[in-house]
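First the structure, in the form of structure tokens, and then the observations on it.
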Amino acid sequence: MAATLCVKFLLKPGWLPFTQTVRHGSKAVTRHRRPMHIHKQKLLAVTKYIPPPRGPPPGAYPTQVKRVQEDNPLMLLMKRDLKKVFEDCKMVAVVQNNACNSEDMLMLKHRLYKHGITVKLFPNQVTRSFLRDSVYCNMAPLFIGPTLLFVSKEPKVKEMLKTLRASPQMTLLGASIDNTLLSAQGVVSYSKLPSVTVVQGELVSGLTMLTSNTASMLQRHPTHLSALLQQYVKQQSSSNSAEEAT
Amino acid sequence: MAASRKATVVLKAVKRIAVHFCPFESNVRSTREFLAMVGSEKVRATNMNCEVVAVVKHDKSEPVVDVTYLDGEKLVLKGANLTSSEMLSAFQSRCTAKDPQAQK
């Protein structure tokens, strides 16, 4: 305070003071906020208390409405239909139709109906929610965009593929045949399989090949058989003598 | 989906569109929607010679749209991380860029 008074007293116009007070001390307890030393500022900043983040108090926000949409009766009806379809039909194929005139659609439906294949259309949402609960949950990613279901009691794959080849807009995505999920190539290879009777016949013939060989050999002329047996005895004796020699 | 006023794409300059995807993957939604939009009757009616072919595979590969133009240029759209509207707008812009040139 004395220094400031002195400075004011010596000031004449155009005269700079000899000394300029750089700092003046204020006492520890002041009426104004005393500027803190930089070290103290830094220390306080580093050691500041950061409280843990607490969530909102329990009554603050309204509870989030859980989106469990109840199935409206139409959806229930469609789900029942779908369930029946999956139970009755051995073959369920999923096809994406990009564009179809009504005439093309009619032709396609007619050709498929001749082989006993029906074309069904269900909303994707319904199908997906149905498949989530059932065994066929892996088919769920197939149902995106405009899709149709080709269902039939008998797995008539060849005819279906032929009809699909005729209409270029339909793309076969996958099929569930006999409760096995197949991709598009799987369906093609399934169609190339021979029928069950043919496969069974092949298996039986393979098993009985040995016995049939012996039977045919025995049934030939007995001289042939006796010549073979003599040759066999000679070979046995020659191998025995070879062993004795060595 | 495509918010442009001209909702139909003009395929005059396109020779062939091949869409490869694997339906059991989770990233094929946009590609399938693109296929549905491009394969529709209206769009195919703009150019009857253009073939729209869908190839369904099962090898966990990325969904790809291969477009061949009449002047030999190829456009490859990898649909794994694109939305269908993005793919459609890119395709449409290129088609219209080629088309007025041919018309002019």
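None of the figures in this text is laboratory data; all of them are computed from the coordinates on show. Keep in mind that this is a model prediction, so the values were computed, not measured. As a convention, Cβ positions derive from the backbone with ideal geometry for all residues, glycine included, and neighbour counts pool all protein chains shown.
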* Just the number, please: Stokes-Einstein D of the protein assembly as shown in µm²/s, Kirkwood Rh from C-alpha pairs, 37 °C, 0.692 mPa s. => 113
* In order through the stretch A:192-197: 3J(HN,Hα) via Karplus (6.51 cos²θ - 1.76 cosθ + 1.60), integer Hz, x for Gly, Pro -> 7, 5, x, 6, 5, 4
* Roughly how many Å is it from the Cα centre of the stretch A:105-158 to that of the stretch A:179-246, as a whole number? -> 46
* Helix A:209-219 versus the longest principal axis of chain A: what angle, 0 to 90°, nearest 10, using Cα atoms? -> 10
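What ranking, highest mean first, results for peptides A:130-142, B:64-76, A:231-243 when packing means the other Cβ atoms within 10 Å averaged over each residue?
Ranking the peptides A:130-142, B:64-76, A:231-243 by packing returns A:130-142, B:64-76, A:231-243.
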* Asked: If you count, for each residue, the other Cβ atoms within 10 Å and average over each peptide, how do B:22-35, A:115-128 line up from highest to lowest?
  -> B:22-35, A:115-128
* For the stretch A:73-191, go through all pairs of different Cα atoms, get the mean of 1/r, take its inverse, and jot down that Kirkwood value in Å. => 14.4
* With everything on Cα atoms, drop me the angle between helix A:124-133 and the longest principal axis of chain A, reported from 0 to 90° to the nearest 10. => 80
* To do: Would you pull out the residues with amide H under 5 Å of B:ALA54's amide H, same chain only if 5 or more places away, H placed 1.01 Å from N?
  => B:VAL19
* To do: At a temperature of 25 °C and a viscosity of 0.890 mPa s, determine how fast the stretch A:1-152 diffuses translationally according to Stokes-Einstein, using the Kirkwood radius over alpha-carbon pairs as Rh; express D in µm²/s, rounded to the nearest whole number.
  => 100
* Give the angle, between 0 and 90 degrees and rounded to the nearest 10, that separates the Cα long axis of helix B:29-38 from the longest principal axis of the Cα atoms of chain B. => 30
